[in-house]
Amino acid sequence: MEILALVLFILIFVLILFGYPVAFTLGGLSIIVGYFALGPEYFNFLPSRIMGVMSNYVLLAVPLFIFMGLMLEKSGIAEKLLETMSFLFGSLKGGLAISVVIVGALLAASTGIVGATVITMGLISLPTMLKRNYHKGISTGTIAASGTLGQIIPPSVVLVLLGSVLNVSVGDLFTAALLPGLLLVLSYIIYILIYGQIKPDHLPPIPKEELVAFRKKGFVKDIFMAFLLPLLLIIAVLGSILAGIASPTEAAAVGALGATLLTLMRGKLNLTVLQKVMQGTTKLTSMVFIILLGATCFTLVFRGLGGDTYLVELIKSSNLSPMTFLLLVMLIVFIAGFFIDFIEIIFIIVPVVAPIFKAYDMNLIWIGILLAMNLQTSFLTPPFGFSLFYLKGVAPPEVSTKDIYKGVLPFLAIQIVFLILIIFIPEIVLMFLK
């Protein structure tokens, strides 16, 4: 039975790599194996498990955060922010790239959706960077890396899903992710500043006459207005969670309403925009939950076959230290990220390894942040990083895939160094937790 559980796990992975739909592979194969191995009566447990998922209050934050992100994408706030920030840092070598990182961080703190952020930033900033004679590699690398910050900077859909699977507080995950996310942003900025000093022709400053013209137009008011609206939203959402005023789900509802009001204030809200945002939210939410229901079937059968107990005993009998096992899981998640989406990794791999982390008495908040940052890294890893494909899809024809791959490598190295630091210095994650 235990060996059959492992065969089921491997078989699901193989079928997904062959391109079969994840949700139906997870659910369908699990039900077939469970039917013959455990009998039809075993599935009497399944309806209550499915209702447990669908009535999970924490998971209600997923569609609300998705709605908030898609609505902000339509609001034009990112475009205004980038334009204002580029002039604010325009006198620096690499000032425009720094603006992209900061705007990416603000969008991450407002949306938490990687695909939407990378595409938005690619459409808005890449043509501007190329027009100002920025090197194609550093331009594409900055945009792709900044777009993935939504994986780690709260509020993040990834952290909500990890909190649900690991059965830990989403609010604690948000608190723990804040410092690593901000330090990662700071590292990107430091790298760009150093790069600008070494290769100034790759990151030229904005001409002085353009900066003077911008400042004459009342740039203080522009900066204030560009920052004020997204910052108010971030404070309303993140501030209410971190202060303990609202749960992540309640804060997500505030964020969804706030994003709608911001879009209305900017004159961008109409019936067509609302329809597109609602359709996009429904599509993404349905995708997440159908995979989650498939994963529920898989977890039920895997545990029914004794797979979780067998794995715990196997790891313990192999005398692997907790740190060795953690590094092994990190490597598996990193490699899996080349081929399958983060949602699939969260719902397939994490439920299998979570009982072993519990058996080792490891802090699951720390594990959750490590997994989130690892998944963020996999978004950038050539040749299959999803962010790279998102960016290539909206890049001008003169930007090749090779340019994107080369540009993203330094940012990938920064993230791997950070991941290693968090593994060996857990206080970076845990210092603000009670």
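When Leu391, Leu371 are screened for being surrounded by 20 or more Cβ atoms within 10 Å (Cβ to Cβ), among the aliphatic types (A, V, I, L, M) and farther than 21 Å from Ser164 by Cβ, only Leu391 passes. State all residues of region 134-165 that are within 14 Å of Pro410 (Cβ to Cβ) and part of a loop (DSSP other than H, G, I, E, B); if no residue qualifies, say none. Once the filter is applied, which keeps residues that are within 14 Å of Pro410 (Cβ to Cβ) and part of a loop (DSSP other than H, G, I, E, B), region 134-165 yields only His135. Which of the residues belonging to region 166-182 are part of a helix (DSSP H, G or I) and of a type in the set (Gly, Ala, Ser)? Result: Gly171, Ala176, Ala177, Gly181.
The residues of region 249-259 that are in contact with a Ser or Thr (Cβ under 9 Å, 6 or more places away or on another chain) and either among the hydroxyl-bearing types (Ser, Thr, Tyr) or open to solvent by 20 Å² or more (accessible area, probe 1.4 Å) (or both), listed by number, are Glu250, Val254. For Lys358, the requirement of being surrounded by fewer than 20 Cβ atoms within 10 Å (Cβ to Cβ) and modelled with pLDDT of 85 or more is met. Screening Glu79 on (1) open to solvent by less than 40 Å² (accessible area, probe 1.4 Å); (2) without any contact (Cβ under 8 Å) to a residue 60 or more places away in the chain shows it passes everything except condition (1). Entry remark, region 236-294: residues being farther than 27 Å from Asp341 by Cα and in contact with a Gly (Cβ under 6 Å, 6 or more places away or on another chain) number 4 in total. Of all residues in region 183-208, those satisfying the criterion of being in a loop (DSSP other than H, G, I, E, B) and open to solvent by 40 Å² or more (accessible area, probe 1.4 Å) are Lys199, Pro205, Pro207. Check whether at least one residue in region 209-228 is under 30 Å from Trp366 (Cβ atoms) and either among the polar types (S, T, N, Q) or open to solvent by less than 30 Å² (accessible area, probe 1.4 Å) (or both), and report yes or no. Scanning region 209-228, I find no residue that is under 30 Å from Trp366 (Cβ atoms) and either among the polar types (S, T, N, Q) or open to solvent by less than 30 Å² (accessible area, probe 1.4 Å) (or both), so the answer is no.
The residue that is farthest from Arg132 (Cα to Cα), among those in region 52-102 that are of a type in the set (Lys, Arg) and more than 21 Å from the chain's Cα centre (by Cα), is Lys80. Of the residues making up region 223-260, those that are among the hydroxyl-bearing types (Ser, Thr, Tyr) and in a helix (DSSP H, G or I) are Ser240, Thr249, Thr260.
When you go through Leu421, Leu409, Leu364, Leu331 one by one, which is the residue that is modelled with pLDDT of 90 or more, open to solvent by 30 Å² or more (accessible area, probe 1.4 Å) and over 15 Å from Leu183 (Cβ atoms)? Give the steps one after another, and end with the answer.
On the way: Leu421 fails: over 15 Å from Leu183 (Cβ atoms); Leu364 fails: open to solvent by 30 Å² or more (accessible area, probe 1.4 Å); Leu331 fails: modelled with pLDDT of 90 or more.
Only one candidate passes the filter, namely Leu409.
Among the residues making up region 271-323, a single one is open to solvent by 80 Å² or more (accessible area, probe 1.4 Å) and in a loop (DSSP other than H, G, I, E, B): Asn319. When Glu427 is tested against the conditions (1) at pLDDT 85 or above; (2) more than 24 Å from Leu182 (Cα to Cα); (3) among the charged types (D, E, K, R), the lone failure is (2).
Looking at this structure, is Val212 farther than 24 Å from Gly76 by Cα, part of a helix (DSSP H, G or I) and over 28 Å from the mean Cα position of the chain (by Cα)? Considered against the rule, which asks whether it is farther than 24 Å from Gly76 by Cα, part of a helix (DSSP H, G or I) and over 28 Å from the mean Cα position of the chain (by Cα), Val212 comes out as yes.
One residue stands out in region 38-56 among those that are at pLDDT 80 or above and not in a helix (DSSP H, G or I): the one that is most open to solvent (accessible area, probe 1.4 Å), namely Ser55.
Let me spell it out: the conditions are (1) of a type outside the set (S, T, N, Q); (2) part of a helix (DSSP H, G or I); (3) open to solvent by 10 Å² or more (accessible area, probe 1.4 Å), and Phe338 meets all of them except one. Which number is the exception? All conditions pass for Phe338, except number (2).
Selection over region 382-434 of residues that are in contact (Cβ under 8 Å) with a residue 40 or more places away in the chain, within 30 Å of Ala243 (Cα to Cα), assigned to a loop (DSSP other than H, G, I, E, B) and among the aliphatic types (A, V, I, L, M) gives a count of 2. All conditions but one from (1) open to solvent by less than 20 Å² (accessible area, probe 1.4 Å); (2) of a type in the set (Ser, Thr, Tyr); (3) within 22 Å of the chain's Cα centre (by Cα) apply to Thr263; the one that does not is (3).
Return yes or no: is Met129 assigned to a helix (DSSP H, G or I), without any contact (Cβ under 8 Å) to a residue 40 or more places away in the chain and crowded, with 20+ Cβ neighbours inside 10 Å? Don't jump to the end; show me each part of the working.
On the way: assigned to a helix (DSSP H, G or I): yes; without any contact (Cβ under 8 Å) to a residue 40 or more places away in the chain: yes; crowded, with 20+ Cβ neighbours inside 10 Å: yes.
Judged against the criteria, Met129 is a match.
The values are calculated or read from the model by the stated rules, or taken from the named source; none is laboratory data. These figures come from a predicted structure and were not determined experimentally. Reconstructed Cβ throughout: ideal geometry from the backbone, glycine too, with neighbour counts over all protein chains shown. Side chains included, ligands, DNA and RNA excluded: accessible areas come from the protein's heavy atoms. Shrake-Rupley method; radii C 1.70, N 1.55, O 1.52, S 1.80 Å.
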